[in-house]
Each structure stands twice: as C-alpha cells, then as structure tokens.
Amino acid sequence: MLTQNIQTNHVSENSSPESCPALVLNADFRPLSYYPLSLWHWQDAIKAVFLDRVNIVSEYEQTVSSPSFDMRLPSVVSLKNYVTPARYPAFTRFNVFLRDKFTCQYCGIEDDLTFDHVIPRSKGGTTTWENVVAACSPCNLRKANKLSKVAKMWPSQQPYRPSVHQLHANGRHFPPNFLHESWQDYLYWDTELEP
C-alpha cells in the first residue's frame, strides 16, 4: 500500500516549456525507471516524436510554435520499441542509499549519509554491493577500519546486490517532487489499492 500522499501538479497553459518534462514509458507502458523517474526534457520528447521513436500518450495544454506548425507538448510518451531493462542496477553511491532506504544501517538515522565497508578495505574488503552499506558519518567514524565484531556494530541488514525491481520498489517510498496529473495512470500501477 502506498503510505504517502502524492501531490500532483497542474501545469498552466502559460507555463514555460521548461516546466513540462515528459514521462517516458517503455513499449509496455511501464516507466523506464522509477528512481530516478524516467523523464525527458520537452525538446527531447518533441525530437523523439519527429524521429518516430515514440507515441504521444498524453499532452500538456502548453503549446510550442514554429513558423509552420503549433504542437501541444507531450506529457507522457511511450517508446515504439521495447527496451529490455537491465536486470541489475549500476553500483553507485545513490543506488546503495536507495537499496538501504536512505537510512544508516547501524543506527537508523537518515542524516549525513556516507557509505561504509562492512569488511574494511584495510582488512581486504572490496567496494562491492555485498560489502558496502549506507552509514551516517558518526557511525562511519566510530566503526573506522574495524570489523563489525571488534567495533560491536552490525548493519541492520546484510548488504546485497539488489535487482532493478527491488530498487524500483524502494524508490516508490520516495516519490519525486514533481508529478504531473497525467502521469498518475502510469505510476505506481502495482501498488495495493485501498478499499
């Protein structure tokens, strides 16, 4: 069940095109990614329309004009050719934080995050999904280059290599600041509905 209230925005007809990104859906009408949400700048969306790479699913009221035509800006586009999603996400600091839900794995706070090697590099630990966790700076400094047993600090969960699906599921807990109302039919399609 989606526990947060998601606030949608309405883009007025007089808004700048800069405030009109397009949600990009795969050919199966699922977003290419949830976190970060797959968005294109309005110019990229129009270029893809003219190159016949996407279908326009929904439009803003906002239009752009040239000497030869007027066009409403796409708010949702779907790719014409299906893109097979990667099975595993890239190993990045942001994705480690997302896997760990932006929470220190030692004390549970959500501020001042960095990452920690569970087995320190000085003790042969590697910088991999299976050895790195999100940690706040105070916990990282307290653990230093000690093993968990010596520091008496254990992560709340063993680090693991997440699937893209797992990161998307975590990303739904942190919706973006801007969600246009026309996107709602394509986001969070697999969340449990309230009776």
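Simple spin-label model, 7 Å along Cα-to-Cβ: SER137 to PHE102 in nm?
Distance between the two pseudo-spin positions: 1.8 nm.
For the chain, modelled as a Gaussian network with Cα springs under 10 Å, which listed residue fluctuates most, LEU32, LEU51, LEU23?
Looking only at LEU32, LEU51, LEU23, the largest GNM fluctuation is found for LEU51.
Leaving out same-chain residues fewer than 8 places away, which lysines sit with a Cα under 30 Å from that of LYS80?
Excluding near neighbours in sequence, the set is LYS47.
Spin-label point model (7 Å from Cα, Cβ direction): what's the TYR82 to ASP44 distance in nm?
Result: 2.3 nm between the two label points.
Using a 10 Å cut-off around each Cβ, can you sort THR128, THR84 from fewest to most neighbouring Cβ atoms? Write out the running numbers ahead of the final one.
Values: THR128 11, THR84 6.
Listed from fewest to most nearby Cβ atoms, that is THR84, THR128.
Work through the residues other than LEU98 whose Cβ is under 14 Å from its Cβ and net out their charges, Lys, Arg +1 and Asp, Glu -1.
So the environment of LEU98 carries a net charge of +3.
Which residue, ALA22, ALA151, ALA169, has the most motion in a Gaussian network model of the chain that connects Cα atoms within less than 10 Å?
Judging by the Gaussian network model, the answer is ALA151.
Could you work out how much longer the chain between ASP70 and TRP154 gets when fully extended? Use 0.36 nm per residue separation minus the Cα distance between them, nm to one decimal.
Gain in length upon complete extension: 24.2 nm.
Can you give the helix-only mean residue ellipticity at 222 nm for the chain, where every DSSP H stretch with n ≥ 4 adds -39500 (n - 2.57) and the sum goes over all residues, rounded to the nearest 500 deg cm²/dmol?
Helix contribution divided over all residues of the chain: -4500 deg cm²/dmol.
Between THR114 and GLU18, what length in nm is gained on full extension when 0.36 nm per residue of separation is reduced by their alpha carbon distance?
31.3 nm
Sorting CYS139, CYS107 on the 10 Å Cβ count, fewest up front, what's the list?
With the sparsest Cβ surroundings first, the list reads CYS107, CYS139.
Hey, which lysines would be in cross-link range of LYS152, C-alpha to C-alpha under 27 Å, not counting anything within fewer than 8 residues on its own chain?
Result set, ordered by chain and number: LYS101, LYS123, LYS143.
[x] 21.0, 72; [y] 17.4, 53; [z] 19.4, 61: which one is Rg and Dmax of the Cα atoms in Å as calculated from this entry?
The listed entry that was calculated here is [x].
What are the extents of the Cα atoms of region 93-151 along their three principal axes, listed from largest to smallest and rounded to whole Å?
26, 21, 14
For region 93-151, what is the relative contact order in percent, using Cα pairs closer than 8 Å and at least 6 residues apart in sequence?
Computed over region 93-151, the figure is 36 percent.
When the dipole is taken about the Cα centre of the chain, and only Lys, Arg (+1) and Asp, Glu (-1) are charged at their Cβ, what size is it in debye, to the nearest 20?
I would put it at about 1520 debye.
Each reported figure results from applying straightforward, stated rules to the coordinates on display, with no laboratory input. Because the structure is predicted, anything quoted here is derived from the model rather than measured. When we count neighbours, we look across all protein chains shown, and the Cβ atoms used for this are built from the backbone with ideal geometry, even at glycine.
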